[in-house]
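The values are calculated or read from the model by the stated rules, or taken from the named source; none is laboratory data. Every value quoted in this text rests on a predicted model; they were computed, and no experiment measured them. Neighbour counts are summed over all protein chains in view; Cβ atoms, including those assigned to glycine, are modelled from backbone coordinates with ideal geometry.
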């Protein structure tokens, strides 16, 4: 079984060393879900350019039963700051309502995971945890990946745990993927 994670990314191409996905895998490893080498083959990161393309791919890959043609569950990670606009919802809408609304369009609300605000929130929190100042602007893809890899390769597991507490929507993503892996065993 392969779990496919559709990520919103400005590059929109699959690249090795995609920081958010590598961080997800490291957190799964921290939790004892599996060794990194095995997780690399089990959980596939598929960056897509923009939230709209993530939703489009979800509609193609995630049928009603939550499994797709990729042999396993498909999850779409959406930046919250853009999600209400995608669903034609007011910006004041809550996560649950937006997930329900977009989920009706996709036939499966369980396939949607929102990141609090956006991936830049994850980067900002990661930089703070390693003692680096915020960029004060949207980082480019290389800066983002470098910042997140500082946590990925850190021997200090407690920093990654702190990141999951400070960005609980990322912690929720780690939990959802771990649950899919546990069900497959």
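Residues in the range 10-21 that are assigned to a loop (DSSP other than H, G, I, E, B) and at pLDDT 85 or above: how many?
2
Within the range 137-159, track down each residue that is part of a helix (DSSP H, G or I) and either touching a strand residue (DSSP E or B) at 6+ places or on another chain (Cβ under 7 Å) or within 24 Å of residue 11 (Cβ to Cβ) (or both).
141, 142, 143, 144, 145, 146, 147, 148, 149, 150, 151, 152 - these are the residues of the range 137-159 that are part of a helix (DSSP H, G or I) and either touching a strand residue (DSSP E or B) at 6+ places or on another chain (Cβ under 7 Å) or within 24 Å of residue 11 (Cβ to Cβ) (or both).
So in the range 123-133, with the set limited to residues that are in a loop (DSSP other than H, G, I, E, B) and free of Cβ contacts under 8 Å to residues at least 24 places away in the same chain, which one is surrounded by the most Cβ atoms within 10 Å (Cβ to Cβ)?
The qualifying residue surrounded by the most Cβ atoms within 10 Å (Cβ to Cβ) is 132.
Residue by residue through the range 13-24, note down the ones that are surrounded by fewer than 14 Cβ atoms within 10 Å (Cβ to Cβ) and either within 22 Å of residue 82 (Cα to Cα) or touching a strand residue (DSSP E or B) at 6+ places or on another chain (Cβ under 6 Å) (or both).
Within the range 13-24, just 13 meets the criteria.
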